[in-house]
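The values are calculated or read from the model by the stated rules, or taken from the named source; none is laboratory data. Fair warning: this is a prediction, and the values are worked out from it, not measured in the lab. Cβ coordinates were reconstructed from backbone atoms using ideal geometry, including for glycine residues, and neighbour counts include every protein chain displayed. Protein only, heavy atoms only, side chains kept; ligands, DNA and RNA dropped before computing areas. Shrake-Rupley method; radii C 1.70, N 1.55, O 1.52, S 1.80 Å.
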Amino acid sequence: MTDSSALARPPAGLRWKALIRQREVAILLLILIVGAVASVLSPFFLTWANLSNVLIACSVEMIVAAGLAIVLISGGIDLSVGSIMGVCAIALAIVLDAGAPLWAALSVCLLAGLAFGVANGTLIAYAGLNPLVLTLATMTIGRSVVFILSQGYSFASIPQGFKSAFNATPLFGLPNLVWVSLGVTAALGVLLQRNVWFRRFYFLGGSEVAAIRAGIDTRRLKFMAYVIAALLATLAAIVTTARLGSAFPNTGSGLELRVITAAVIGGCSIYGGKGTILGAALGVLLLNLINNVLVILSLSVYWQGVAAGLILILAILTDIANRRGVRR
Amino acid sequence: MSDPILELSGITMQFGPVTALDDVQFRLDRGETLALLGDNGAGKSTLIKIVSGYYRPTAGRIVLNGRPVTFHDPQDARRAGIETIYQDLALFDNLDVAANIFAGQERVAPGWRRLLGFADRRSMARDAEAAVAGMAVTIPDTRRAVEDFSGGQRQCVAIARAVMWGREILIMDEPTAALGVRETQRVLDLIRSLKARGMSVILIMHNIEHVMQVATRAVVMRSGRNRGEVAISGPDDAEAHAAIVRMLM
Ligand SMILES: Nc1ncnc2c1ncn2[C@@H]1O[C@H](COP(=O)(O)OP(=O)(O)O)[C@@H](O)[C@H]1O
Ligand SMILES: [Mg+2]
C-alpha cells in the first residue's frame with residue numbers, strides 16, 4: 001500500500017480516495033464503527049470508566065508497539081520484546097524485594113533491558129544473524145532467565161510511592177501511566193516522521209543497498225532499532241509493574257505476537273519501509289477495543305483471537321488490492 | 001580539441017588468474033556522451049567499476065580533471081563527482097521523489113525545528129519537483145512512492161539525484177535494457193538532455209541504434225583490451241554505424 005508509507009504523501013488528484021486507502025484512516029474508521037455498534041448494544045460501553053479501562057489496557061502494548069514499529073519499518077522483526085519485559089519486571093521487583101532503593105532497582109531493570117537490546121542489535125546488525133531466528137533465541141533465553149531468577153514466584157513488594165506515581169489520576173481521571181504511554185508514543189511518532197535521524201529507518205527498510213549507497217551507516221541504524229525496542233520494552237515493564245503492583249513470571253508473555261499483529265494491522269509491513277507509529281498504536285487500540293466489547297457484551301473473550309486474525313487477513317488483502325489498483 | 005575530464009591509462013585488472021583488463025586506455029571528454037560497447041566478458045563492467053571506485057586496478061593511472069586520483073571506495077568516487085546508475089537503480093521504492101533524491105543528506109529545517117532535527121520537507125519537495133520538472137520524462141506526482149513509477153520515470157529520479165548532487169560524470173549501465181518502446185525513446189531523450197546540462201556521460205549499451213541516437217563517440221572493447229573507437233556525428237552517420245559493427249564482429 002503506497003499510502004501507508006509515511007514519507008510519501010497521497011497523490012494530489014485523488015486525495016479523498018487516497019485518504020481512505022491510508023491505513024491509519026481505515027483503522028480509525030473501524031474503531032469508530034466498533035465503538036458505535038458497541039454503544040448501541042451496551043449502555044455501559046460509552047461510560048468514562050469503561051473507556052479509561054480500554055486506554056489503560058492499551059498503554060503497555062502501545063509503548064512496546066512504538067518500538068516494534070521502528071524495528072518493522074527498518075526491515076527487521078523482534079520477537080524478544082515480551083521476554084525482555086518479563087526479565088525487566090522480575091529484575092525490578094526482585095531488587096526491590098531485597099530491600100534495595102528504587103533508583104537501584106530501576107538501574108538494574110534498565111541495564112537488563114539495555115543488555116538484551118545491545119545483544120540483539122549486535123548479533124543482527126554486526127554479526128549478520130537473521131532477526132527472526134536470533135530474537136526467537138533471545139525470547140526463549142529471556143523467558144528462561146525470568147524463571148531462573150524468580151523460581152516461578154511472583155514479587156509484590158513494590159513501594160507505594162512508585163505505584164502511585166503511575167496510578168495517580170491528576171488529569172481527566174486517567175492514570176499517569178496512560179499519559180506516559182501516549183506521550184512516549186506521540187513523541188516517537190513525530191520524530192519518526194520528521195527527525196532526519198529517525199527518518200533513516202524508512203530508508204533502511206526501503207532498500208538496504210540503496211541506503212548504503214546513500215552513505216547511511218546501516219549497521220548502526222539497525223543496531224539502534226533493537227536497542228530502542230528493548231528500551232521501550234523496559235519502560236513497558238516498569239509501567240506494568242507499577243500498574244499491577246507485582247511482577248509475574250509470565251509478565252509480557254505472548255505480548256510480542258499481539259503487538260506484531262496490531263502493528264501489521266496498523267500498516268507496518270513485515271517487509272520493512274512502511275508503516276507509522278500512529279498506525280501501530282491504532283492497531284493496539286482496535287484490538288483492545290474488540291476485547292473490551294466482547295467482555296461487556298458477555299461474549300467469550302476467546303473470540304478475540306479470531307477477530308484479530310480475521311482483521312489481519314483483511315489488512316493484508318487490502319494491501320494486495322490497493323497495489324493492483326495503483327499499478328497499471 | 002579534446003578536453004578530457006577523465007583519463008585512464010595502462011589499466012590492468014587481474015582477478016586471480018583471470019585478466020579482466022589488459023593495458024586499457026580510456027578517455028572521457030567534458031560534455032560528451034560516450035557509448036561503451038563490447039561482447040559479454042569484454043571488460044566493460046570491470047572498467048566502470050574501477051571508475052566508480054568499486055575496484056582498484058592492479059596497475060594503471062586514473063586522472064580526473066587533470067589530477068591523478070585513487071578511489072578507495074564508491075563513496076570516494078561519488079565525492080569526486082562520479083555517479084553510477086546501475087540497472088537496479090538503487091531507489092527507495094517505499095519513498096517519494098524528494099526522499100529518494102535527498103536520501104542520506106536530508107536538509108534540516110531552520111528555526112526551532114533545527115533543535116529537534118526536523119527535516120525541511122517543504123524545501124526538499126520543492127527542489128525535487130524542480131529537479132525532475134526539467135527532464136524529458138514527466139512525473140505527474142512527485143509525492144508518490146516511486147514503486148508505482150514506470151521504468152523511465154525511475155531513471156529520471158535516479159538521474160535527478162545525480163544532477164542535484166552536482167555530479168559531473170554520469171555512468172549508466174544499460175539504461176534502456178528493461179524498457180518498452182515508448183519509454184526507451186523518452187529515456188534516450190533524457191540522456192540527450194544531459195548533454196545540454198553539460199554532463200559527461202558514459203553509457204554501457206548493446207543496442208547500436210540507441211547508441212547512434214544519443215552518443216557522440218563509441219568505444220569498443222574486446223577480451224579486456226581496446227578494440228577501437230569512432231566519433232558519431234549523428235543518428236544517420238552510416239560510416240560510424242558500419243565501423244561499430246565491424247569492431248564488434
Ligand atoms: N569479480 C570477478 N572475479 C573474477 N573474474 C571476474 C570478475 N569480474 C569480472 N571477471 C571476469 O573479467 C572479464 C570481464 O568481465 P566484465 O567486466 O563483467 O565484462 P562485460 O561487462 O563487458 O560483460 C570476464 O572474463 C569475467 O569473467
Ligand atoms: Mg557487464
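Some notes on this structure:
- Only one of B:Arg67, B:Arg78 that is closer than 19 Å to B:Met172 by Cβ, away from ligand 2 (no atom under 16 Å from the Cβ) and open to solvent by 20 Å² or more (accessible area, probe 1.4 Å): B:Arg78
- Positions within segment B:23-54 being within 16 Å of ligand 2 (Cβ to nearest atom), under 17 Å from B:Gly224 (Cα atoms) and open to solvent by 70 Å² or more (accessible area, probe 1.4 Å), in sequence order: B:Asp39, B:Asn40, B:Gly41
- Scanning segment B:144-162 for residues that are in contact (Cβ under 8 Å) with a residue 24 or more places away in the chain and surrounded by fewer than 19 Cβ atoms within 10 Å (Cβ to Cβ) turns up just one, B:Ser150.
- Per the listing A:Gly117, A:Gly152, A:Gly121, A:Gly161, the residue uniquely small (Gly, Ala, Ser) and part of a loop (DSSP other than H, G, I, E, B) is A:Gly152.
- Test: residue in segment B:1-13 that is touching a Ser or Thr at 6+ places or on another chain (Cβ under 9 Å), away from ligand 2 (no atom under 16 Å from the Cβ), open to solvent by less than 50 Å² (accessible area, probe 1.4 Å) and of a type outside the set (Val, Ile, Thr): yes
- Residues satisfying the stated conditions in segment A:150-166, i.e. out of contact with any strand residue (DSSP E or B) (no Cβ under 9 Å at 6 or more places or on another chain) and surrounded by fewer than 18 Cβ atoms within 10 Å (Cβ to Cβ): A:Gln151, A:Gly152, A:Tyr153, A:Ser157, A:Pro159, A:Gln160, A:Gly161, A:Lys163, A:Ser164, A:Ala165
- Test: residue in segment B:150-158 that is within 16 Å of ligand 1 (Cβ to nearest atom) and within 24 Å of B:Lys49 (Cβ to Cβ): no
- In segment B:47-65, the residue that is farthest from ligand 1 (Cβ to nearest atom) out of those that are free of Cβ contacts under 8 Å to residues at least 40 places away in the same chain and on the phi < 0 side of the Ramachandran plot is B:Arg56.
- There is no residue in segment B:71-78 that is at pLDDT below 95, in a strand (DSSP E or B), among the charged types (D, E, K, R) and away from ligand 1 (no atom under 15 Å from the Cβ).
- Residue list for segment A:167-202, filter: surrounded by fewer than 21 Cβ atoms within 10 Å (Cβ to Cβ), of a type in the set (S, T, N, Q) and assigned to a helix (DSSP H, G or I): A:Asn167, A:Asn176, A:Gln193
- Criterion: without any contact (Cβ under 8 Å) to a residue 40 or more places away in the chain and either of a type outside the set (Asp, Glu) or at positive phi (or both) - qualifying residue of B:Leu179, B:Leu190: B:Leu179
- B:Ala20 vs. criteria buried (at least 21 other Cβ atoms within 10 Å of the Cβ), more than 10 Å from ligand 1 (Cβ to nearest atom) and away from chain A (no Cβ under 14 Å): no
- As a summary of the residue check, B:Ala145 satisfies the conditions (1) within 8 Å of chain A (Cβ to nearest Cβ); (2) modelled with pLDDT of 85 or more; (3) closer than 30 Å to B:Pro57 by Cα except for the one numbered (3).
- Selection within segment A:117-149 - among the hydrophobic types (A, V, I, L, M, F, W, C) and open to solvent by less than 30 Å² (accessible area, probe 1.4 Å): A:Ile124, A:Ala125, A:Leu134, A:Val146
- Segment B:81-115, residues that are small (Gly, Ala, Ser) and either over 28 Å from B:Lys44 (Cα atoms) or at the interface with chain A (Cβ under 9 Å from one of its Cβ atoms) (or both): B:Ala90, B:Ala98, B:Ala99, B:Ala103, B:Gly104, B:Ala109, B:Gly111
- Residue ID - nearest to B:Pro17 (Cα to Cα), chosen from residues in segment B:49-70 that are within 14 Å of another protein chain (Cβ to nearest Cβ) and in a loop (DSSP other than H, G, I, E, B): B:Tyr54
- Complete set of residues in segment B:193-216 that are more than 16 Å from ligand 2 (Cβ to nearest atom), open to solvent by less than 10 Å² (accessible area, probe 1.4 Å) and not in a helix (DSSP H, G or I): B:Ser200, B:Val201, B:Ala215
- Subset of segment B:102-128 that is outside any loop (DSSP other than H, G, I, E, B) and among the charged types (D, E, K, R) - its residue that is least open to solvent (accessible area, probe 1.4 Å): B:Asp127
- Residue match in segment B:235-243 (condition: among the aliphatic types (A, V, I, L, M) and within 14 Å of the chain's Cα centre (by Cα)): no
- Residue among A:Gly275, A:Gly309 that alone is of a type outside the set (D, E, K, R), more than 24 Å from A:Ser181 (Cα to Cα) and out of contact with any strand residue (DSSP E or B) (no Cβ under 9 Å at 6 or more places or on another chain): A:Gly309
- Some residue of segment B:222-234 being in a strand (DSSP E or B), open to solvent by less than 30 Å² (accessible area, probe 1.4 Å) and within 16 Å of ligand 1 (Cβ to nearest atom): yes
- Of all residues making up segment B:163-192, the number that are among the hydrophobic types (A, V, I, L, M, F, W, C), open to solvent by 10 Å² or more (accessible area, probe 1.4 Å) and away from ligand 2 (no atom under 16 Å from the Cβ): 5
- B:Thr84 being in a strand (DSSP E or B), within 16 Å of ligand 1 (Cβ to nearest atom), of a type in the set (Val, Ile, Thr) and under 30 Å from B:Asp148 (Cβ atoms): yes
- Sub-8 Å Cβ pairs linking a first residue in segment B:116-138 that is within 14 Å of another protein chain (Cβ to nearest Cβ) and over 13 Å from B:Val157 (Cβ atoms) to a second residue that is open to solvent by 20 Å² or more (accessible area, probe 1.4 Å) and β-branched (Val, Ile, Thr), at least 6 apart or interchain, are B:Gly117/A:Val196; B:Gly117/B:Val108; B:Phe118/A:Val196; B:Phe118/B:Val108; B:Ala119/A:Val196; B:Ala119/B:Val108; B:Asp120/B:Val108, ordered by first then second residue.
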